1. Of the residues that sit in segment 346-365 and are over 9 Å from residue 317 (Cβ atoms) and surrounded by 12 or more Cβ atoms within 10 Å (Cβ to Cβ), which one is modelled with the highest pLDDT?
2. So, in segment 28-67, how many residues would count as being part of a loop (DSSP other than H, G, I, E, B) and in contact with a strand residue (DSSP E or B) (Cβ under 9 Å, 6 or more places away or on another chain)?
3. Identify, by number, the condition in (1) in a helix (DSSP H, G or I); (2) surrounded by 14 or more Cβ atoms within 10 Å (Cβ to Cβ) that residue 150 doesn't meet.
4. Looking at segment 298-331, which of its residues are surrounded by 12 or more Cβ atoms within 10 Å (Cβ to Cβ), farther than 15 Å from residue 343 by Cα and at pLDDT below 90?
5. Between 64, 111, 134, which is at positive phi and at pLDDT below 95?
6. Could you say whether any residue in segment 68-90 is touching a strand residue (DSSP E or B) at 6+ places or on another chain (Cβ under 6 Å), modelled with pLDDT under 95 and surrounded by 14 or more Cβ atoms within 10 Å (Cβ to Cβ)?
7. Return yes when residue 159 is modelled with pLDDT under 90 and not in a loop (DSSP other than H, G, I, E, B) and no when it is not.
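The values are calculated or read from the model by the stated rules, or taken from the named source; none is laboratory data. Values in this document were obtained by computation on a predicted structure and should not be read as measured data. Virtual Cβ from ideal backbone geometry, glycine too; neighbours counted across all protein chains shown.
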């Protein structure tokens, strides 16, 4: 048996979460935790001799200190309600049918419906699985599927339909419940995928509409617009991502519609305008150590691309300043600063070569 390896980790926070309590950090690092006072428990040795015995065994209390009987779960609630039905109780006298009754009572309620409606569905399963061919009817499944096989409607309707399809998918994955389980698995999976995709598109459209509305409202009340530039350059307006700022170049996000694209660009321009102006001013006043020239002619300012060499002579180069935002006079000053740097860099690199190529004069003897 191999010994487990251990490696110290670190603690941190994400988003706007508060800092972790130092005492909690110390407790985790040293594996010191409050003892668990108790745990919930449910009897797993169920008595299937008859229906009342099964219900009693589910309600059996634990005989071990520190354990308490778990809260009644949906499967037990469903069983208790079905046990009050004389037809169910009569059919459950057979042990095989009783086992099937408990089996169907454990069907998950993906639809999150009222308990009575879920109980009716489970009762339907029970009677189909304990009568006739002891399988769910293909006609019943086909009717349920046909009712759900549509992608129209709004978000709530699609979500409810998707939940119902997941109930059918659960049924399809019970080969002892169906004659053609594999076939129904494929059909329910395809319908679930179609509904999921449509629901995703609807949710995205709702988000886009909300973002566009928020941006348009903010533009109408510009002095109250909430905008910011993150440490990674991400620009947000009213809490919505609108683009990324790198150096003095802004790359706006693309919208899903013409109106959204227009709103994004207008809001972004308003948001990053003051920041661009500050950066252009700092660039124009920065010293040589803030700049670098890459082999492919890109001029970096504080590690980010700010311009590209666009021709000229080695000692009088032309540099194209990246980006479009900012006052023209400020952009010209920033461009001249980049050109001055490139000229100085050319002189620095070419001077040793020029010096080595000059003819040397011999001293007269």
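1. Among them, the one singled out is 347.
2. Looking only at that region, the number is 9.
3. (1)
4. 323, 325, 326, 327
5. Values: 64 fails: at positive phi; 111 fails: at positive phi.
It is 134.
6. Yes - at least one qualifying residue is present in segment 68-90.
7. Numbers: modelled with pLDDT under 90: yes; not in a loop (DSSP other than H, G, I, E, B): yes.
When the stated conditions are applied, residue 159 passes them.
Residue-by-condition table, conditions (1) touching a strand residue (DSSP E or B) at 6+ places or on another chain (Cβ under 8 Å); (2) exposed (fewer than 13 other Cβ atoms within 10 Å of the Cβ); (3) assigned to a helix (DSSP H, G or I); (4) in contact (Cβ under 8 Å) with a residue 12 or more places away in the chain:
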site: 104; (1), (2), (3), (4): no, no, yes, yes
site: 117; (1), (2), (3), (4): no, yes, yes, no
site: 123; (1), (2), (3), (4): no, no, yes, yes
site: 132; (1), (2), (3), (4): no, yes, no, no
site: 139; (1), (2), (3), (4): no, yes, yes, no
